[in-house]
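Student: Please read through the structure below; I'll follow up with questions.
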Amino acid sequence: MPRESKEPATMPGDPLYDTDFYAWPQQQARLLLEVRDNRLDAENLAEEVADLANSGLRWAIAAYDAWA
């Protein structure tokens, strides 16, 4: 079944991984939810991946605030 995502599937070496620490996990979480017929706990795994991005963003904001 073809992907219906508006974003292209990511491949190893995806530049987004190296350039946007927030967008990449969000994208990966959405893609995990599209996977069918697997043994992954995709819903909870996607939530955890998305939470990693959010905690990284909070850390970056706190670090900036402490520096500024």
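Student: Exactly one of (1) among the acidic types (Asp, Glu); (2) modelled with pLDDT of 85 or more; (3) surrounded by 10 or more Cβ atoms within 10 Å (Cβ to Cβ) is unmet by residue 65. Its number?
Tutor: Condition not satisfied by residue 65: (3).
Student: Cβ contacts < 9 Å: first residue farther than 22 Å from residue 23 by Cα, restricted to segment 35-49; second residue surrounded by fewer than 13 Cβ atoms within 10 Å (Cβ to Cβ), any location; separation 6+ or different chain. Result?
Tutor: Here the result reads 36/1, each pair linking segment 35-49 to a residue that is surrounded by fewer than 13 Cβ atoms within 10 Å (Cβ to Cβ).
Student: I'd like the full set of residues that are among the polar types (S, T, N, Q) and surrounded by 11 or more Cβ atoms within 10 Å (Cβ to Cβ), limited to segment 12-51.
Tutor: Let us first name the residues in segment 12-51 that are among the polar types (S, T, N, Q), namely 19, 26-28, 38, 44.
Listed by number, the residues that qualify are 26, 27, 28.
Student: Follow-up. Yes or no: residue 9 at pLDDT 85 or above and surrounded by fewer than 12 Cβ atoms within 10 Å (Cβ to Cβ)? Explain how you work it out, then say what you get.
Tutor: Numbers: at pLDDT 85 or above: no; surrounded by fewer than 12 Cβ atoms within 10 Å (Cβ to Cβ): yes.
For residue 9, the condition - at pLDDT 85 or above and surrounded by fewer than 12 Cβ atoms within 10 Å (Cβ to Cβ) - is not met.
Student: Moving on. Would you be able to tell me the number of residues in segment 12-47 that are of a type in the set (Ser, Thr, Tyr) and modelled with pLDDT of 85 or more? Talk me through it step by step, then tell me what you get.
Tutor: Of all residues in segment 12-47, those of a type in the set (Ser, Thr, Tyr) come to 17, 19, 22.
Filter again for modelled with pLDDT of 85 or more, leaving 19.
Going through segment 12-47 one residue at a time, the tally reaches 1.
The values are calculated or read from the model by the stated rules, or taken from the named source; none is laboratory data. Nothing here was measured: the structure is a model prediction, and the numbers come from that model. Positions of Cβ are generated from backbone atoms using ideal geometry, with glycine treated the same way; all protein chains shown enter the neighbour counts.
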